[in-house]
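Trainee: Here it is, the structure in full.
The values are calculated or read from the model by the stated rules, or taken from the named source; none is laboratory data. This structure is a prediction, so every number in the text was calculated from the model and none was measured. Positions of Cβ are generated from backbone atoms using ideal geometry, with glycine treated the same way; all protein chains shown enter the neighbour counts. Ligands, DNA and RNA are excluded from the accessible area calculation, which covers all protein heavy atoms including side chains. Shrake-Rupley method; radii C 1.70, N 1.55, O 1.52, S 1.80 Å.
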Amino acid sequence: MAAEKNGRDGGVQSLQRAFELLEHLADTGGEASLSELATLSGLPMPTIHRLIRTLVDLGYVRQNTNRRYALGARLIRLGENASMQFGSWARPLLAELVDEVGETANLAVLERDEVVYVAQVPSKHSMRMFTEVGRRLLPHGTGVGKAMLAHLPSEDVTALLARTGMPSYTEHTFTDQDALLRELAKIAQQGYALDEAEQELGVRCVAVAVPGAPVPAAVSVSGPSGRLTMEAVERIAPAVQRIATALGSTLSRDGVTV
């Protein structure tokens, strides 16, 4: 019985360590050497090599031609399905937000350096905003993206921007890194982000990061600039903050993972 118990504990420990290695790979931008993983994890090299080989065999990690290891393609399906489930679960809170403010509400997460919209509840106006669930955009050009970036360490933000670049969606998109970093500092201080026709002309968006989410996530309200005026923003921003906080509190309470 003692041998069986030790075997079980070892299996659970190996599983925990394997997931920690995947998270370390994600933290490094998706690629690392065995020695870098050893430094990050504190695990002995033989243990890391054994776990990585298992993850490679399963398709959750791949070995590149430069002999460095990267997150594998098999994780894509798991991540996308988890994100969609998160969106379905959050829809009642988004519907509550729409009822309160009268504009379209969205939920997005940061996945592989991109903003992914995982849920939307449209407004009841005949002229309303629509973003396809599953759509991917770069975070510097969206309200939800800026809200999430504002809560990341600045070195992580600059590393992300180096990987993605800062192409413009409209003439109002931030394309200068220093200007964006100043904007992110302002967002962190005021508690919400604004998209001022930066992703689509004629559209304004108010976005708030979800506190305590297991991955960067943000709730937003979007609408035509003529209807979602700056006066309306003053009324809508506190409602978005309340829903984002409620979503984060529920995640923490129920132990929901994305």
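Trainee: For the chain, which whole percent of the accessible surface, found with a 1.4 angstrom probe, sits on carbon and sulfur atoms?
Mentor: Solvent-exposed carbon and sulfur of the chain make up 53 percent of the total.
Trainee: Take the alpha carbon gyration tensor of region 13-71, find the square roots of its eigenvalues, order them as a ≥ b ≥ c, and report rounded if a/c is under 1.5; if not, report prolate when a/b exceeds b/c, else oblate.
Mentor: Numbers: a/c = 1.34, a/b = 1.16, b/c = 1.16.
In terms of gyration-tensor shape, rounded.
Trainee: If you project the alpha carbons of region 111-258 onto their three principal axes, what span does each projection cover, largest first, in Å?
Mentor: 42, 40, 29
Trainee: Using the Cα centre of the chain as the reference point, and only Cβ charges (+1 on K/R, -1 on D/E), how large is the resulting charge dipole? Debye, rounded to the nearest 20.
Mentor: Values: 25 positive and 30 negative charges, 156 e Å.
Once rounded to the nearest 20, the dipole reads 760 debye.
Trainee: Across region 176-258, what fraction of all alpha-carbon pairs, as a whole percent, falls in each successive 10 Å bin from zero upward?
Mentor: 18, 43, 31, 9, 0
Trainee: Show me the GluC sites (Glu not before Pro) within region 151-189 that DSSP assigns to loop and that have at most 11 other Cβ atoms within 10 Å of their Cβ. Intermediate values should be presented prior to the final figure.
Mentor: Details: sites: GLU155, GLU171, GLU183; in loops: GLU171.
Loop-located and lightly packed - GLU171.
Trainee: Near SER168, within a Cβ-to-Cβ distance under 13 Å, what is the net charge of the other residues, with Lys and Arg +1 and Asp and Glu -1?
Mentor: My count for the surroundings of SER168 gives -4.
Trainee: I would also like to ask the following. From the phi of every residue in region 60-72, what ³J(HN,Hα) in whole Hz does the Karplus formula 6.51 cos²θ - 1.76 cosθ + 1.60 yield, where θ is phi - 60° and glycine or proline is x?
Mentor: Result, ordered by residue: 8, 9, 10, 9, 7, 5, 7, 6, 8, 10, 9, 4, x Hz.
Trainee: For the chain, how big is the tail of P(r) above 22 Å, as a whole percent of Cα pairs?
Mentor: Values: 19485 of 33153 pairs.
Result for the distance tail: 59 percent.
Trainee: Next question. Could you check the spin-label model distance between SER249 and VAL133? Points 7 Å from the Cα along Cα→Cβ, value in nm.
Mentor: 2.5
Trainee: Return the long-range amide H neighbours of VAL118 (sequence gap of 5 or more, or a different chain), with a cut-off of under 5 Å between placed amide H atoms.
Mentor: LEU107, ALA108, VAL109, GLY134
Trainee: Now for a separate question. Hey, can you find the accessible area per residue of the chain for me, probe 1.4 Å, expressed in square angstrom?
Mentor: Each residue of the chain exposes 51 Å² on average to a 1.4 Å probe.
Trainee: May I pose another question? Length gain on complete extension for the stretch THR54 to SER41, per 0.36 nm per residue less the alpha carbon to alpha carbon distance?
Mentor: Net length gain for the segment: 3.0 nm.
Trainee: Next up: Tell me which DSSP H helices of the chain clear both cut-offs, 18 Å or more of axial length from alpha-carbon atoms and a mean Kyte-Doolittle hydropathy of at least -0.5.
Mentor: Those that clear 18 Å and a mean of -0.5 are 45-58, 74-101, 177-190, 230-254.
Trainee: Next question, about the same structure. To the nearest 20 debye, what is the magnitude of the charge dipole of region 13-71 about its Cα centre, counting +1 on the Cβ of each Lys and Arg and -1 on the Cβ of each Asp and Glu?
Mentor: So the dipole magnitude of region 13-71 works out to roughly 240 debye.
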